[in-house]
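The structure appears right after this line, and notes come after that.
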Amino acid sequence: MAAGLDAVRGQRGGPAAAYAPAVLRPTTALVCAAILVSGCSGGPGGPADPSSPPPTSGSPAAPAADDDEITESDFEAVAALLDVRAEALLGGDRRAFLATLDPGNRRLRRAQEQLFDNVQALPVDKLYYGFTDTGLVPADVRGDDPTMRPPVFEHLELTGVFAAPVANQVSMTFVERGDRWLVGHEDVDETFEAQVRPWFGVPIEAAGDDDLLVLTDRGADVGAEELLGSTREALAEAADVLDEDADRPLLVDATSNGLTFELSNASGEEAAAVSYSVGAADRKGEEPRARAGSVVKANPTDVEALVDNDTTLRHELAHFLLDGYGDTNPQWVTEGIAEYVGYAPGLLADSVASDDRLPRRIAGRDVELTPSGLWGNDPQLDYLTAHAFAEHLITTYGLDRYREMMDVFKRRARSSPVVFGEGIVDEVLRQVYGVGEREVARAGFALLEGLSD
Ligand SMILES: [Zn+2]
């Protein structure tokens, strides 16, 4: 975990603050990986990321054994099998679902029954599969029967939460027993990390209302109902600060299933939560389609902390509410306002440093708006300074002007290939605020120096 920096605590002249910037608390170090900060594209490797590298664990058109050439009719049989499987999952037909599995494989059966039960616990609207007629290297399946592993895409839409089925590439190997093709193996292949797939893995529980669905591991200390309540509250608070409508579809996934690397940043620190959007794809998973929905993925080990102190939840929900800026804005702009919302109604201006090392660290940092290329080198100070720049701009000029700045960055990125506002920060600040980047940086650092007064 991050070097302990429970650094800013207490609000001057008032009761001990209930708020502390999440980045400063080791248990909920809040670090958004670049792709997630932007809350933009689908998960890495997902269909919404057409630039994802080709699979390394397989080679195209590599059917099983030499003398067991996979033919068109084999692919058709697998397609029919997947239709039956989807139908059974949707209709809650356990028997029909189990009949699609290689019999006698207890491990496979247990894992697949868990998948079945999890899907039954969810409000699933649509579910279907697609694949291309190519082959990856099949997983080991008992015996010498023919096997194949085409790249299969699972498309699943959660009612009210997703606007379209989210597409995840899944790793399934099929085996031909007698004259029937069956599912012989399914596991998580990290080459094709799912965008979001909490239904595959350990048992889960769900709680939700019309457009908010919260998932936790079944039997977790903080259950889905409790997390739903905390999320609703944090969402209302964040929406209030931002003057946004809180009622829009969101999946909060606090299960242990799927997605682990996305909860770490470049420095290897774990995040308590990250927010991002997920995408749909065409049936075969070849072309990205519409955006499917928004996800906050919470680290299951930090859920208790999220509920006890929802600074982090509000931070992530601010990203969710301010969706659409992607990497068009400098990180200090998007993370700064998320920190501001997370800490509200607390202000850095009313806070004091409780960590003696903080002033020296701040003094040793260049007085500048963190350049995008340096973002993430020192997460604690990156987030803290971003918070200070944002707080200065918002409390001095208002939230509307800040949003205007974000819109200007976004428009500029549309008309020219600018990423993270590189090279135009000073210009945009002068246009929107009439002050340059050095002045904003100095004002932010003055706020931080005030923490040790
Ligand atoms: Zn963030």
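Among the residues of region 172-204, which ones are on the phi > 0 side of the Ramachandran plot and either charged (D, E, K, R) or without any contact (Cβ under 8 Å) to a residue 24 or more places away in the chain (or both)?
Correct list: Gly178 only.
Find the residue count for region 274-304, including only residues that are part of a helix (DSSP H, G or I) and either away from the ligand (no atom under 16 Å from the Cβ) or among the hydroxyl-bearing types (Ser, Thr, Tyr) (or both). Break it down into steps so the answer makes sense when it comes.
Taking region 274-304 and keeping what is part of a helix (DSSP H, G or I), we get 300-304.
Then drop every residue that is not either away from the ligand (no atom under 16 Å from the Cβ) or among the hydroxyl-bearing types (Ser, Thr, Tyr) (or both), which leaves 300-301, 303-304.
Selection size over region 274-304: 4.
Given the criteria among the β-branched types (Val, Ile, Thr) and in contact with an Asp or Glu (Cβ under 6 Å, 6 or more places away or on another chain), does Val296 qualify? Walk me through it before giving the result.
On the way: among the β-branched types (Val, Ile, Thr): yes; in contact with an Asp or Glu (Cβ under 6 Å, 6 or more places away or on another chain): yes.
Here the answer is yes, as Val296 does meet what is asked.
List every residue pair whose Cβ atoms sit under 6 Å apart, with the two residues 6 or more apart in sequence or on different chains, where the first one lies in region 310-327 and is farther than 15 Å from Ala271 by Cα and the second, anywhere, is away from the ligand (no atom under 12 Å from the Cβ) and among the aromatic types (Phe, Trp, Tyr).
Asp327/Phe420
Looking at this structure, is Glu391 under 18 Å from Glu335 (Cβ atoms) and in the same structural domain as Tyr340 (by TED's automatic domain parsing)?
Values: under 18 Å from Glu335 (Cβ atoms): yes; in the same structural domain as Tyr340 (by TED's automatic domain parsing): yes.
Taking the combined requirement at face value, the residue satisfies it.
When you go through (1) in contact with a His (Cβ under 9 Å, 6 or more places away or on another chain); (2) surrounded by fewer than 19 Cβ atoms within 10 Å (Cβ to Cβ) one by one for Glu286, which number turns out not to apply?
(1)
Restricting region 383-412 to residues that are within 25 Å of the chain's Cα centre (by Cα) and within 15 Å of the ligand (Cβ to nearest atom), which is farthest from Ala271 (Cα to Cα)?
Met406
Those residues that are modelled with pLDDT of 90 or more and either away from the ligand (no atom under 16 Å from the Cβ) or farther than 19 Å from Thr231 by Cβ (or both), I need them from region 246-273; list them, please.
Taking region 246-273 and keeping what is modelled with pLDDT of 90 or more, we get 246-257.
Passing the criteria: Ala246, Asp247, Arg248, Pro249, Leu251, Asp253, Ala254, Thr255, Ser256, Asn257.
Filtering region 193-227 down to residues that are of a type in the set (Asp, Glu) and surrounded by 20 or more Cβ atoms within 10 Å (Cβ to Cβ), which residue is modelled with the highest pLDDT?
Among those that are of a type in the set (Asp, Glu) and surrounded by 20 or more Cβ atoms within 10 Å (Cβ to Cβ), it is Asp217.
Filter region 168-191 down to the residues that are touching a Pro at 6+ places or on another chain (Cβ under 7 Å) and closer than 27 Å to Leu158 by Cα, then identify the one that is modelled with the highest pLDDT.
In this case the residue turns out to be Thr173.
Where residues in region 320-369 are assigned to a helix (DSSP H, G or I), farther than 22 Å from Asp247 by Cα and among the aliphatic types (A, V, I, L, M), which of them is nearest to the ligand (Cβ to nearest atom)? Step through it out loud before you land on a result.
Going residue by residue through region 320-369, those that are assigned to a helix (DSSP H, G or I) are 320-321, 326-328, 331-343, 348-350, 357-363.
In the following step, the residues that additionally are farther than 22 Å from Asp247 by Cα were identified as 327-328, 331-333, 335-336, 348-350, 357-363.
Those still in the list that are among the aliphatic types (A, V, I, L, M) too: 333, 348-349, 358, 362-363.
Details: Val333: 11, Leu348: 17, Ala349: 21, Leu358: 21, Ile362: 21, Ala363: 26 Å.
So the residue we want is Val333.
Taking region 335-354, which residues are modelled with pLDDT of 95 or more and β-branched (Val, Ile, Thr)?
Scanning region 335-354 gives Ile337, Val341.
The values are calculated or read from the model by the stated rules, or taken from the named source; none is laboratory data. Bear in mind that the values here come from a model prediction, so they are computed numbers and not experimental data. Cβ atoms come from the backbone with ideal geometry, glycine included; neighbour counts cover every protein chain shown.
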